[in-house]
1. In whole Å, what three semi-axes, largest first, describe the equivalent ellipsoid of region 3-118 built from its Cα gyration tensor (square root of 5 times each eigenvalue)?
2. With respect to the cross-link table entries 10/46; 6/160; 46/148; 27/148, which display a Cα-Cα separation exceeding 19 Å?
3. Which GluC sites (Glu not before Pro) in region 25-104 sit in a loop by DSSP (not H, G, I, E or B) and have at most 10 other Cβ atoms within 10 Å of their own Cβ?
4. What does the charge add up to near residue 27, with Lys and Arg as +1, Asp and Glu as -1, over the other residues with Cβ less than 15 Å from its Cβ?
5. Projected onto the charge dipole of region 3-118 (+1 at Lys/Arg Cβ, -1 at Asp/Glu Cβ, origin at the Cα centre), which of 76, 59, 37 gives the Cα projection farthest towards the positive end?
6. Using only alpha carbon pairs under 8 Å that are at least six residues apart, calculate the relative contact order of region 3-118 and give it in whole percent.
7. Can you compute the charge dipole magnitude of the chain about its Cα centre, using +1 on each Lys and Arg Cβ and -1 on each Asp and Glu Cβ, nothing else charged? Give it in debye, rounded to the nearest 20.
8. List the aspartates and glutamates whose Cα sits under 17 Å from the Cα of residue 94, skipping any in the same chain fewer than 8 residues away.
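Bear in mind that the values in this text are calculations on the coordinates, not laboratory data. These numbers come from a predicted model, not from an experiment. Don't worry about glycine lacking a Cβ; one is built from the backbone with ideal geometry, like all the others, and counts go over all protein chains shown.
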Amino acid sequence: MNIVLKKIEKDDLELLRKWRMQENVTKYMLTDPIISIEDEINWYNKIMNDDTREDYVIMADNIRIGYYGITNIDRNLKSCYIGFYIGDDNYRGKGLFKEIQAMAEDIIINELKLMSINIEVLENNPIIKTYYKIGFENSNLINRHIVKNGESLVVINLNKQTNKQTNKQTNKQTNKQTNKHNLY
Ligand SMILES: CC(C)(COP(=O)(O)OP(=O)(O)OC[C@H]1O[C@@H](n2cnc3c(N)ncnc32)[C@H](O)[C@@H]1OP(=O)(O)O)[C@@H](O)C(=O)NCCC(=O)NCCS
């Protein structure tokens, strides 16, 4: 399947709104929002003028199947957060995740020139083990105060920096960012 990350356009909003309210998406997210058409348009207008994020529709063979957001982009710290889902159930469990993630990392590392990728995820989400397989690590940040259905929020991280000093600094600053955290 040919996977492409396409920047969000106005035409995508209705699909994104529907997906984001679906049970098979909200159950993995921190929030279960009810989103009106007006809310979605306001969100779109806001993100279009926000240079700390990039929002994509995941396309498989030209069909829209999900959402991938790169958020909290900090060009000084060279860090960001990611959040995503496959909204179309027909495309889940087909082994597409690694390719989608590789495309996103290509954008994050080679286009945006960032080095630290963070993801906040509920602690029982099965995708965590796959992230560990592709090199992410537990950042030892756990937001015990942010709980959904008894699950805490953990932060896992991929850091492309090798210099220890810089790593330390990034972790400290990641901590700060986590407090700011990002309710996608
Ligand atoms: C995360 C998500 C995009 C992955 O898509 P996917 O279609 O399941 O991806 P894949 O088929 O490539 O599977 C990825 C891994 O999950 C495993 N997996 C797939 N479906 C699973 C299920 N129902 N239960 C447990 N593991 C599952 C696969 O075995 C694979 O593991 P491996 O690569 O370590 O062997 C999708 O499950 C999703 O949209 N989840 C809800 C949103 C979410 O959790 N987002 C991440 C936090 S923001």
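1. Equivalent-ellipsoid dimensions as semi-axes: 22, 18, 13 Å.
2. Working: 10/46 12 Å; 6/160 25 Å; 46/148 27 Å; 27/148 9 Å.
With Cα atoms farther than 19 Å apart: 6/160; 46/148.
3. none
4. The answer is -2.
5. Most positive-ward Cα: 76.
6. RCO, region 3-118: 26 percent.
7. Numbers: 26 positive and 25 negative charges, 180 e Å.
For the chain, the charge dipole is close to 860 debye.
8. Of all the aspartates and glutamates, those that pass the test against residue 94 - Cα under 17 Å, at least 8 places apart if same chain - are 61.
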